[in-house]
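A short worksheet on the structure shown next.
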Amino acid sequence: MTRRPLIIGLTGSIGMGKSTTASVLRGLGVPVQDADAVVHRLLRADRGVIAAIEAAFPGVVIGGQVSRPKLGAAVFGNPAALRRLEAIIHPRVTAERLVFLKRNARHRLVVLDIPLLFETGIDKSCDRVMVVTAPAQVQAARVLRRPGMTLDRLAAIRAQQWPDLAKRRRADYIIPTGLGRAVARRWVLAMLKQLRAAPSPAGSLLRSPPAGRKAYARNLSRYRNHRL
């Protein structure tokens, strides 16, 4: 029977410390794929994706590069346009995920860093789910340090995301990040100790997420509003 790595989904709301936790995992030798980075790379450098986006959304490609603000404006509040964008991007992201999993098939475990893990149903393709969390005031302080961020914008983003409590209730592991990187690292180490002791799973590397197309498009729209 073919064995494969444990697939760990990493997620968390904005400002909760997901990127920091992913960095800790990488530093401990765990392969991590950042879904945001994949999308941004496709928009920046994948000629097929860029050409398809230019054909679907004339004027959003400038000097051979996709203008994310222009693309965001083109699909905002337009479900049909959003579906066209999803049809271009989503299959490529899924393909990149499978390449990542195959490339790291010899590892004991791998991590998929996906902001909308639950909303898109990709948590169903993971063996375990890790949610990063921090107190609301810590989250706000982190996010408000970002350029262009305001309290109103943060409130709008929070309203569009699954609540932190709902994510924690669905998690197999919770990583608190509010007390700093060193404390979060200790929690990550404890989690890895448990995971590395677990038996290797059998079966295919990645199953298709069960979320419906409408649900995916709706949640991708919410995601685009503050990340694209």
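Only one of these is assigned to a helix (DSSP H, G or I), exposed (fewer than 14 other Cβ atoms within 10 Å of the Cβ) and not charged (D, E, K, R): 59, 48, 72. Name it.
On the way: 59 fails: assigned to a helix (DSSP H, G or I); 72 fails: exposed (fewer than 14 other Cβ atoms within 10 Å of the Cβ).
Just one listed residue meets the conditions, 48.
Among 127, 123, which is the only one that is farther than 19 Å from residue 181 by Cβ and buried (at least 20 other Cβ atoms within 10 Å of the Cβ)?
Numbers: 127 fails: buried (at least 20 other Cβ atoms within 10 Å of the Cβ).
Going through 127, 123 in turn, just one is farther than 19 Å from residue 181 by Cβ and buried (at least 20 other Cβ atoms within 10 Å of the Cβ): 123.
The rows are residues; the columns are (1) touching a strand residue (DSSP E or B) at 6+ places or on another chain (Cβ under 6 Å); (2) crowded, with 16+ Cβ neighbours inside 10 Å; (3) assigned to a helix (DSSP H, G or I); (4) touching a residue at least 60 places away in the same chain (Cβ under 8 Å).
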| site | (1), (2), (3), (4) |
| --- | --- |
| 54 | yes, no, yes, no |
| 95 | no, no, yes, no |
| 107 | no, no, no, yes |
| 111 | yes, yes, no, yes |
| 116 | no, yes, no, yes |
| 131 | yes, yes, no, yes |
| 146 | no, no, no, no |
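Out of the residues in the stretch 75-87 that are outside any helix (DSSP H, G or I) and more than 21 Å from the chain's Cα centre (by Cα), state the one that is nearest to residue 49 (Cα to Cα). Explain how you work it out, then say what you get.
Let us first name the residues in the stretch 75-87 that are outside any helix (DSSP H, G or I), namely 76-78.
Narrowing the set further to residues that are more than 21 Å from the chain's Cα centre (by Cα) leaves 77-78.
Values: 77: 22, 78: 20 Å.
In this case the residue turns out to be 78.
Determine which single condition residue 205 fails, assuming it passes every other condition in (1) at pLDDT below 90; (2) part of a helix (DSSP H, G or I); (3) under 30 Å from residue 106 (Cα atoms).
Evaluating residue 205 over (1) at pLDDT below 90; (2) part of a helix (DSSP H, G or I); (3) under 30 Å from residue 106 (Cα atoms) leaves (2) as the failure.
Only one of (1) at pLDDT below 95; (2) exposed (fewer than 15 other Cβ atoms within 10 Å of the Cβ); (3) of a type in the set (Lys, Arg) is not met by residue 18, so which one is it?
(2)
Go through the stretch 148-193 and give me each residue that's more than 16 Å from residue 23 (Cα to Cα), part of a helix (DSSP H, G or I) and of a type outside the set (A, V, I, L, M, F, W, C).
Once the filter is applied, which keeps residues that are more than 16 Å from residue 23 (Cα to Cα), part of a helix (DSSP H, G or I) and of a type outside the set (A, V, I, L, M, F, W, C), the stretch 148-193 yields 152, 153, 158, 160, 164, 167, 168, 169, 170, 193.
Among the residues that make up the stretch 111-125, is at least one of them of a type outside the set (Val, Ile, Thr), closer than 29 Å to residue 28 by Cα and modelled with pLDDT of 95 or more? So that I can check it myself, show each step before the final result.
As a first pass, look at the stretch 111-125 and keep what is of a type outside the set (Val, Ile, Thr): 112-113, 115-119, 121, 123-125.
Those still in the list that are closer than 29 Å to residue 28 by Cα too: 112-113, 115-119, 121, 123-125.
Filter once more, keeping what is modelled with pLDDT of 95 or more: 112-113.
Taking every residue of the stretch 111-125 in turn, at least one turns out to be of a type outside the set (Val, Ile, Thr), closer than 29 Å to residue 28 by Cα and modelled with pLDDT of 95 or more.
Output the number of the condition that residue 170 fails; it satisfies all remaining conditions of (1) surrounded by 16 or more Cβ atoms within 10 Å (Cβ to Cβ); (2) touching an Asp or Glu at 6+ places or on another chain (Cβ under 9 Å); (3) at pLDDT 90 or above.
(1)
The values are calculated or read from the model by the stated rules, or taken from the named source; none is laboratory data. Given the structure is predicted, the values throughout are model-derived calculations rather than measurements. Note that each Cβ is placed from the backbone with ideal geometry, even for glycine, and that neighbours are counted across all protein chains shown.
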